[in-house]
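Here's the structure we're looking at; comments come further down.
The values are calculated or read from the model by the stated rules, or taken from the named source; none is laboratory data. These numbers were taken from a predicted model, which means no experiment stands behind them. When we count neighbours, we look across all protein chains shown, and the Cβ atoms used for this are built from the backbone with ideal geometry, even at glycine. Heavy atoms of the whole protein, side chains included, go into the accessibility calculation; ligands, DNA and RNA do not. Shrake-Rupley method; radii C 1.70, N 1.55, O 1.52, S 1.80 Å.
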Amino acid sequence: MNKTTDRIEALLAGLPDLDRHRKVDGLPPDEADNLAQRLIEAGSEAIIELIDRSPAEYDDGDYRPRYLVHLTASYACRPGMEAARRMLASALAAALDGERSEGHKAFIIGELQYLGLPSAAPALGRALVAGSDRLCECAARALQAIGVGGPLIEALDKLDGAPRRSVINALAPMKLAKAAPALRTALADPDADTRILASHALAQLGDRDAIQPLLTACQTYDGWEGIQHARSAIIMAERLAAAGHVRDARRVYTRLGELHKHEKDQYLRDVVQRGIAQLHGTS
Amino acid sequence: MSKVGSNITRRSFLKGAAATSAAFTIVPAHVLGGNGRPAPSDTFGGALIGVGGMGPGTYRRLSLPNRQLAQCDVKWVGQVDNRSRYTDFRRVLERKDIDLIAIATPPHWHALISIAAMQAGKDVLCEKPMTRFIGEGRAVAEAEKRYGRVFQVGTFGRFGQSRREEHRKTRRLLASGLIKKCDTVVVRRGGFKVKEWSGPLVAPSTPPDHLDWDMYCGPSPLVPYQRPRFGGMHRGYWDYDGGGLGDMGQHHLDPIAYTYALDTTAPVEVEAYAPPAHPIVTGMWGWVKLRYANGFTLVLESGEWPDRDARSGEQTRNTNFEYFYNLLSEEDKRKFDAMPDEEPLLDFASAVRARKPAGGNAEAAHRTMTIMHLANIAIRVGRTIRFDPVTEQVIGDDEANRLAHQPMRAPWHL
């Protein structure tokens, strides 16, 4: 065994075994801090070796390597630990680019999400388009959580199916105007879930160029999809009103009311009425 | 399109009845229905989503004359007719003949189905815990308000609490904002099932044929199936719940949140004593101290870690109405004495009929669940966190905020 392996063995020995029900027993916080500090001192090589020693999926064997990496990530996120956090994120990003199983990479992405450093975005962006639905989905969520939209916009036109939906879903709360043209294209996608996600993202943006396509979607689709586009239209109207586009907001509300004449849609017409009444206060 | 005049619904009928209550007085519903049965116009269409475990009991809590038109569960693959039995809740929510939705799925679905149901015009009774993270709670409360629907969470401790004048007065006083500073401590010890509902780490296996595993995972990551993730022990996985604290906390704290008006705000500082959390399964914790802006302190003690005798060092004190009242200036006492009593809490059925918020409405339930979420976040990040009750953001702590507002797996989103 080399020196790094010796150090890892010593660190893992400091973690308790699972109990008889395979549940995690408590490790006193000061002992955990000590282990984390020692792993940081052992450096990136030790972190990568720990990942490679862990089972392909979380729970299939020795739980300790991944637990040690995670408790170290938590330790490195404390104020004053910025250098350790950068080292850890850099090691994980490098490990993500290497040859590893999907389960290992999903774990790495989860830890990068926890650490939250934008420096991990390029590696996460590569994971978006690496050809695995699962990893694309994990990476999209991580980029959303970290708040870096560039790799998501870049990937959007290269993807279809579930990965494309993952990317659109991650973009929605980020409200990036640069994403609007691609989202408007997605609003005409053959896949219903993609259209729903696109209308939601465009509504969050308050994108005026999407008003007519969104109203057309409201008119075209009924059932679940129709309910979701109606929701998007309400959010769109609220965003437009907040941005001072009162005429546009009124247009959306009015059309939404016209499209929902069923006796059981009274609640939606009430939403429209309240929205228009509020516009009177802002116009 | 229906002609005007045939467009009268049960709901618009009830709404109109508020203005013309004399009509109800003259012709009661039971007479219209005959033989003591509710009139057809007064019978609701209901559906239960999440049929195992608490499902049937939750449905009974609707407590309104209803016809159960649909049941839905992801474990019914190959056993559905898509007329009364479904695996996909979206098909249930599309139905215009369904007015009431009871939700008893695992918690990671509670917020999304509640919101979707209200978007579809339904009133909702949802099992506790209402949410899995703070951002979900705000979204449910916004949907309740935006769509004007009734929402009640499936815990009812506050109703009993509200029947005692002492508690109502205490709540009124603390909700008034007149108490700027107090030295109150409430300790809630035990009953959180910490070890019992922490997740086991077991090997992946093949999901049963009758289970739609992708739909079960829903907004949570699609991970390889492991048996304990489905059917009770799901509580021990962060993907679906918050352990015993997240799952039982809403029961334990609903009465406390009512009495001390903790459901009108949120803690500003949270400190936890716990071992480092595992990223996948929930685990042990010793105690959590949650401090409010006015000095009120809520302490949760597990009574399980590091051992059964472990204590936070805090004792319950200064909790009765007289204590708070005596903190007031003479002028503030006069202001308080002039305040009217709150309206009685409405149960779900009364709220639906009155078209008013239920006692356990989404805003109150969200604020109560925020206590558990903040406690779990402090446990998971391993440090004291500070929280802004207005913006609902953790202050200066991005890692903690990422746990308060979590991304979802497509196509699911708030």
Q. Can you tell me which of B:A358, B:A349 is among the hydrophobic types (A, V, I, L, M, F, W, C), more than 10 Å from chain A (Cβ to nearest Cβ) and surrounded by 24 or more Cβ atoms within 10 Å (Cβ to Cβ)?
A. B:A358
Q: Hey, can you tell me all the residues within the range B:131-152 that are out of contact with any Ser or Thr (no Cβ under 8 Å at 6 or more places or on another chain) and not charged (D, E, K, R)?
A: B:T131, B:F133, B:G135, B:A139, B:A141, B:Y147, B:G148, B:V150, B:Q152
Q: With a cut-off of at least 2 residues that are more than 14 Å from chain A (Cβ to nearest Cβ) and touching a residue at least 12 places away in the same chain (Cβ under 8 Å), name the helices (runs of 4 or more DSSP H) lying wholly within the range B:58-149.
A: B:110-119, B:134-147
Q.
Quick test for you: out of B:E342, B:E363, pick the one residue that is more than 19 Å from B:T131 (Cα to Cα) and among the charged types (D, E, K, R).
A. B:E342
**Q.** Enumeration of residues in the range A:202-217 that are acidic (D, E) and assigned to a helix (DSSP H, G or I)
**A.** A:D209
Q) Taking the range B:372-414 as the region of interest, how many residues are more than 8 Å from every other protein chain (Cβ to nearest Cβ), of a type in the set (V, I, T) and open to solvent by less than 30 Å² (accessible area, probe 1.4 Å)? A) 4
**Q.** Exclusive hit being more than 23 Å from B:F321 (Cβ to Cβ), more than 24 Å from the chain's Cα centre (by Cα) and within 14 Å of another protein chain (Cβ to nearest Cβ), set B:P224, B:P228, B:P208
**A.** B:P224
Q | Selection status of A:A201, within 11 Å of chain B (Cβ to nearest Cβ), crowded, with 23+ Cβ neighbours inside 10 Å and of a type in the set (G, A, S) | A | yes
Q) Within the range B:254-275, which residues are within 14 Å of chain A (Cβ to nearest Cβ) and more than 18 Å from B:A404 (Cα to Cα)? A) B:Y273, B:A274, B:P275
Q. Residues of the range B:246-282 being in contact with a strand residue (DSSP E or B) (Cβ under 6 Å, 6 or more places away or on another chain) and among the hydroxyl-bearing types (S, T, Y), which ones?
A. B:Y273
Q. Assuming A:A121 fulfils every condition listed in (1) in contact (Cβ under 8 Å) with a residue 24 or more places away in the chain; (2) away from every other protein chain (no Cβ under 13 Å); (3) open to solvent by 40 Å² or more (accessible area, probe 1.4 Å) apart from one, which condition is it?
A. (3)
Q. Under the condition of being in contact (Cβ under 8 Å) with a residue 60 or more places away in the chain and in contact with a strand residue (DSSP E or B) (Cβ under 7 Å, 6 or more places away or on another chain), which residue from the range B:283-301 is nearest to the other protein chains (Cβ to nearest Cβ)?
A. B:W285
Q | Criterion (touching a residue at least 24 places away in the same chain (Cβ under 8 Å) and surrounded by fewer than 21 Cβ atoms within 10 Å (Cβ to Cβ)) met by exactly one of B:M369, B:M339 | A | B:M339
Q. Condition test on A:I153, is it more than 10 Å from chain B (Cβ to nearest Cβ), within 15 Å of A:I48 (Cα to Cα), buried (at least 16 other Cβ atoms within 10 Å of the Cβ) and touching a residue at least 24 places away in the same chain (Cβ under 8 Å)?
A. no
(Q) Condition (residue is within 11 Å of chain B (Cβ to nearest Cβ) and of a type outside the set (K, R)) applied to the range A:207-218: is it met by at least one residue? (A) no
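For (1) at the interface with another protein chain (Cβ under 9 Å from one of its Cβ atoms); (2) small (G, A, S); (3) crowded, with 17+ Cβ neighbours inside 10 Å; (4) not in a loop (DSSP other than H, G, I, E, B), each residue gets a yes or a no:
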{"position": "A:D17", "(1), (2), (3), (4)": "no, no, no, no"}
{"position": "A:A32", "(1), (2), (3), (4)": "yes, yes, yes, yes"}
{"position": "A:A73", "(1), (2), (3), (4)": "yes, yes, yes, yes"}
{"position": "A:G80", "(1), (2), (3), (4)": "no, yes, no, no"}
{"position": "A:A95", "(1), (2), (3), (4)": "no, yes, yes, yes"}
Q: Please report, ordered by residue number, the helices (runs of 4 or more DSSP H) entirely within the range A:218-283 with at least 2 residues that are of a type in the set (D, E, K, R) and touching a His at 6+ places or on another chain (Cβ under 9 Å).
A: A:223-242
**Q.** Unique match (being open to solvent by 30 Å² or more (accessible area, probe 1.4 Å) and either modelled with pLDDT under 95 or within 20 Å of A:G26 (Cα to Cα) (or both)) among B:K193, B:K180
**A.** B:K193
